[in-house]
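Only one structure is covered here, and it is reproduced in the block below.
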Amino acid sequence: MNNLTENWGMVVLRGVLAILFGLTAFVWPGLTWLTLVVMFGVYAVVDGAIAVATGLKHTKDSSRWWGFLLEGLISIAAGVLAFVRPGLTSFALLLVIASWAIITGILEIAAAIRLRREITNEWALAFGGLLSIVLGVFLFLQPIAGGLALIWTIGAYAILFGVLLISLGFRLRKAHMPVNTRRAAESSLHHSHPAR
């Protein structure tokens, strides 16, 4: 069984974390830039740890493990920097987040290209990667935009990206289910609603 489809739960978990991070940016009135940076640090470290664990779990049975590992290490490094140097100027931290978004976006698009052979509609991961790159470029081009506008931009990105990851995770779950199990589930659905 393919290792990427076996990890569907981790993909869903990463999506849930992203949505929670994004929602906080919208529902927390008076959220400061420093608070957002700390929240980003927590999210990046946890998300990175999940990606690293996924990569290390499959070092022997997949040639794709390094992509997860690299993305995870980059996320952890960005998160740790946000914790260790919270006193950096908002401009410097913005550049860190922008760089993180572009690099992880490229890695996600590469993963989507590899997923073409394993699932249909792998566009969700590619679109998520494209969103990450667009966010990173936007942050580079608008580093002095208003603090609230930046917070909402990052929040909106996180929510949309999380939804895409959850969607991808459930498609991976479907691909992971043995054909017989899928047919049995579909058959039980038909029998549970007999024609009247």
Odd one out for Ala98 among (1) closer than 19 Å to Trp8 by Cβ; (2) at pLDDT 80 or above; (3) surrounded by fewer than 22 Cβ atoms within 10 Å (Cβ to Cβ); (4) small (Gly, Ala, Ser): (1)
Residue in the stretch 176-192 that is at pLDDT 65 or above and farther than 19 Å from Ile106 by Cβ present: yes
Residue that is modelled with the lowest pLDDT, among those in the stretch 48-82 that are surrounded by 14 or more Cβ atoms within 10 Å (Cβ to Cβ) and aromatic (Phe, Trp, Tyr): Trp65
Top-ranked residue in the stretch 24-49 [being outside any helix (DSSP H, G or I) and of a type in the set (A, V, I, L, M, F, W, C); ranked as farthest from Ala149 (Cα to Cα)]: Trp28
Options Leu172, Leu125: the member that is of a type in the set (A, V, I, L, M, F, W, C), under 18 Å from Trp100 (Cα atoms), crowded, with 21+ Cβ neighbours inside 10 Å and at pLDDT below 85: Leu125
Identity of the residue in the stretch 128-169, of a type in the set (S, T, N, Q) and either surrounded by 19 or more Cβ atoms within 10 Å (Cβ to Cβ) or part of a helix (DSSP H, G or I) (or both), that ends up modelled with the lowest pLDDT: Thr153
Condition met for Leu34 (under 16 Å from Gly79 (Cβ atoms), modelled with pLDDT of 80 or more and not β-branched (Val, Ile, Thr)): no
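The values are calculated or read from the model by the stated rules, or taken from the named source; none is laboratory data. Everything quoted here is computed from the prediction, not taken from an experiment. Here the Cβ is made from the backbone with ideal geometry for all residues, glycine too, and neighbour counts use every protein chain on show.
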